[in-house]
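Notes for the one structure printed next.
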Amino acid sequence: MKVLHIPYGSPMIELCKALRMKGIEATSCHFYDNKFKFKPDLCLNLNRKNSQEAKAVLDRFLQEAIQHYDIFHFHFGETFYPDKRDLEILKKAGKKMVVHHHGSDIRLQSIAQKNNPYVRVKPEWTEEKINHNVELLSRYIDHAIVQDPELHEYIVNTYKNTHIIPHTIDVTRFTPKYPTGRPIPLIIHAPTNRDLKGTNFILQAVRELKRIGYKFRFQLIENKTYEQTRGLLSKADIVIDQLRIGASGFISTEAMAFGKPVICFIRDDLLSKYPPELPIVNAKPTNVTDVLKKLLDNPQTWSDIGKQGRSYVEAYHHAPVVADQYIHIYKQL
């Protein structure tokens, strides 16, 4: 079984490594290099070429991939070409395909706001664009994957088969450093998009708690490489993920792997769809100040919460565990 993952994203890199450990020939390929310095198995660096050269490279790579791979695993709702004309080419070549949606490429404001008054979407991903994209994808692809129940509600009625598989990390690459309750703790927030993550609410909470006398350091991580972000997460005492989306993200998982207490907004109506031992400290824009204050008031709980998070990630996100779920889907294609 030979699987190609395209066109970009950090989750596919760890997943491909895990699949190879299971005997699957899996390749992670990015079409463009990126500021986070992710290291896929292959990068076409199309952004370094003019449009004509980029088209020629992509056309050639598609033909080579058809000769080599059995399964094409597309991420973020994208394929080789924006107009998705490659899907018909792959279908006629007898290739199997699966699509993997990760967030803004599938999140519909009209659906999300029914259960979440805080949600924001990326303006470039209009509902018209999302619906058109999914219509094209689902015409050729029967199986779609998302990472959590919040995203599942946007695809459950559009693809023939939908799957929820937690995102993948190699837990062995994260040495836990459980918080000790030091006098001046470090709180970290690492938004990829401030508006989507509710960063302003977090900054307001930080200002208010410092105003009333709480002693802590706060660091906003932006424009860092992936390895730099990892290094900072490992030094944190508390990590705050997001307050608008309603589901935990990749930062939550990596922070828990490092043994850190994590504050994140999980929608009330989705809590029952997570494993019962989910140790995330739940907060929303309206109560994040109180939630963070309570956590700061109880440093003796940090280590236990961190240990629960590490156990949770080992049970549900560790690469070998997650890889088996993908292999099960591949066998159904």
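Below are the figures for this structure:
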quantity	calculated
Mean separation of Cα contacts under 8 Å (6+ apart) over length of the range 199-315, as relative contact order %	28 percent
Accessible area per residue in Å² at 1.4 Å probe, computed on the range 20-172	50 Å²
Cα lying deepest toward the dipole's positive end in the range 53-184, options Ser138, Pro179, Ile111, charges on Cβ	Pro179
FRET efficiency, Lys210 to Glu314 (Cβ-Cβ, R0 41 Å, nearest 0.05)	0.70
Members of Lys17/Lys39; Lys91/Lys331; Lys2/Lys49 lying beyond 21 Å, as alpha-carbon distances in this model show	Lys2/Lys49
Kirkwood-type radius of the range 1-132, with distances r between different C-alpha atoms, in Å	16.2 Å
Within the accessible area of the chain (1.4 Å probe), percent carbon and sulfur	49 percent
Coordinate range along principal axes, alpha carbons of the chain, Å, largest first	65, 41, 40
Normalised contact order of the chain, rounded percent, pairs of Cα under 8 Å and 6 or more residues apart	17 percent
Net dipole in debye of the chain [+1 Lys, Arg Cβ; -1 Asp, Glu Cβ; about Cα centre; nearest 20]	800 debye
For the range 120-127, Karplus couplings with θ = phi - 60° (6.51, -1.76, 1.60), whole Hz, Gly/Pro x	10, 10, 6, x, 6, 9, 5, 5
Net charge contributed by nearby residues that have their C-beta within less than 14 Å of Met1 (K/R +1, D/E -1)	+3
Contour minus Cα-Cα distance for Arg217 and Leu232 (0.36 nm per residue)	4.1 nm
Shape call, the range 254-296: gyration tensor on alpha carbons, a/c limit 1.5	oblate
Within straight-line cross-link reach of Lys177, lysines at Cα separation under 23 Å, skipping those fewer than 8 residues along the same chain	Lys215, Lys224, Lys235, Lys260, Lys293, Lys294, Lys307
Probe 1.4 Å, all protein chains present, accessible-area order of Arg107, Arg120, Arg207, largest first	Arg207, Arg120, Arg107
Label-to-label distance, nm, for residues given as Lys224 and Lys37 (7 Å Cα→Cβ offset)	1.2 nm
Partner aspartates and glutamates for Lys84 [C-alpha distance under 14 Å; skip if fewer than 8 residues away on the same chain]	Asp59, Glu135
Whole-number D in µm²/s for the range 180-333 (Stokes-Einstein; Kirkwood sum over Cα pairs; 25 °C, 0.890 mPa s)	152 µm²/s
Cut-off 12 Å between beta-carbons: net charge of the residues surrounding Ile24, Lys and Arg +1, Asp and Glu -1	+2
Value of relative contact order over the range 1-92, rounded to a whole percent, pairs C-alpha under 8 Å and six or more apart	35 percent
In order through the range 265-276: 3J(HN,Hα) via Karplus (6.51 cos²θ - 1.76 cosθ + 1.60), integer Hz, x for Gly, Pro	8, 10, 4, 4, 6, 9, 4, 5, 8, 8, x, x
Extension gain (nm, one decimal) between Ile111 and Tyr140, 0.36 nm per residue minus Cα-Cα	8.0 nm
Probe 1.4 Å, accessible area per residue of the range 243-333, Å²	39 Å²
Net charge, Tyr274 excluded, C-beta distance under 12 Å - Lys, Arg +1, Asp, Glu -1	-3
Solvent-accessible surface (1.4 angstrom probe) belonging to Ser51, in square angstrom, nearest 10	100 Å²
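The values are calculated or read from the model by the stated rules, or taken from the named source; none is laboratory data. This is a predicted model, so every value here is computed, not measured. All Cβ positions, even for glycine, are placed from backbone atoms using ideal geometry, and neighbour counts span all protein chains on display. Heads up: the accessible areas ignore ligands, DNA and RNA and are worked out on the full protein's heavy atoms, side chains in. Shrake-Rupley method; radii C 1.70, N 1.55, O 1.52, S 1.80 Å.
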